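**Student:** Quick one: structure below, then a few questions.
The values are calculated or read from the model by the stated rules, or taken from the named source; none is laboratory data. Quick caveat, the model's predicted, so the values are computed rather than measured. In this analysis, Cβ positions are derived from the backbone assuming ideal geometry, glycine residues included, and neighbour counts consider all displayed protein chains. Heads up: the accessible areas ignore ligands, DNA and RNA and are worked out on the full protein's heavy atoms, side chains in. Shrake-Rupley method; radii C 1.70, N 1.55, O 1.52, S 1.80 Å.
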Amino acid sequence: MRAAFAVLGLLIPSVANAAFDVPARKPGLWQMTMIFEGSHIPQQNIKQCIDAATDKKMNSLGGEMQKQNCSKQDMQHVGNTIVVDSVCKSGMGGTSVSHAVVTGDFNSAYTVKADIKREGGAMPGMPANHEMKMTVDAKWLGPCAADQKPGDMIMGNGMKININSLPSMHGGTPQR
């Protein structure tokens, strides 16, 4: 879940995972498929190799983003479901209101369904006031491949980045 929210945090600030008490994902290779209804954002397919430290680091990143940008961050556990509601500043001076429901487990598969409403602050390619639905389906595929290290993210186009090399992951200086 943290990886999905961190990636989404780059795309949609209001859905980034706050420093909530969410279960850790099983270490290994996760496949995430993100579908955006009511948006020009194409489907995103990402594979990510994680370990416990990477998963925790991604949660911390989302939490810092939320502390700075959100006036509301509520999370409730309802049985095996997690419900997250937030109100956050979005790019270009607008506000995003989101409601997300997370079902499944963090050992084999989970789904995030989010309704997002953005008001004001037009972003490139999107109107100032916009609503969309987003679905993230995540599935554990098994151990990471021999040529992968924790933090590796392989985008649908084959591009590979490691979140540990992103400046925002460690105070502004990429690690090598």
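**Student:** May I ask you to evaluate 6.51 cos²θ - 1.76 cosθ + 1.60, the Karplus curve with θ = phi - 60°, for each residue of region 94-111 and list the ³J(HN,Hα) values in order in whole Hz, giving x for glycine and proline?
**Tutor:** x, 10, 10, 10, 10, 10, 10, 10, 10, 10, x, 10, 10, 10, 9, 6, 8, 10
**Student:** I would also like to ask the following. If Lys and Arg each add +1 and Asp and Glu each add -1, what is the summed charge of the other residues whose beta carbon sits under 13 Å from the beta carbon of Ala109? Each step should come with its number before you reach the end.
**Tutor:** Numbers: positive: Arg25, Lys26, Lys139; negative: Asp105, Asp137.
In short, +1.
**Student:** Please give the contour-minus-distance gain from Lys56 to Glu119: 0.36 nm per residue of separation, less the Cα-Cα distance, rounded to one decimal in nm.
**Tutor:** Between Lys56 and Glu119, full extension yields an extra 19.6 nm.
**Student:** How far apart, in nanometres, would the label points at Lys26 and His77 be if each is projected 7 angstrom from Cα along the Cα-to-Cβ direction?
**Tutor:** Those two pseudo-labels are separated by 2.0 nm.
**Student:** Filter the cross-link list Lys56/Lys160; Lys72/Lys149; Lys47/Lys113; Lys26/Lys149; Lys56/Lys149 down to pairs whose alpha-carbon distance in this structure exceeds 24 Å.
**Tutor:** Details: Lys56/Lys160 20 Å; Lys72/Lys149 35 Å; Lys47/Lys113 19 Å; Lys26/Lys149 15 Å; Lys56/Lys149 15 Å.
Among Lys56/Lys160; Lys72/Lys149; Lys47/Lys113; Lys26/Lys149; Lys56/Lys149, the Cα-Cα distance tops 24 Å for Lys72/Lys149.
**Student:** While we're looking at this one, here's another question. I want to check the label-to-label distance for Ala145 and Asn157. Put each point 7 Å from Cα in the C-beta direction and report it in nm to one decimal.
**Tutor:** Result: 1.9 nm between the two label points.
**Student:** Okay, moving on. Sort Met159, Met75, Met134 by accessible area with a 1.4 Å probe, largest first.
**Tutor:** Values: Met159 100, Met75 45, Met134 0 Å².
I get Met159, Met75, Met134, largest accessible area first.
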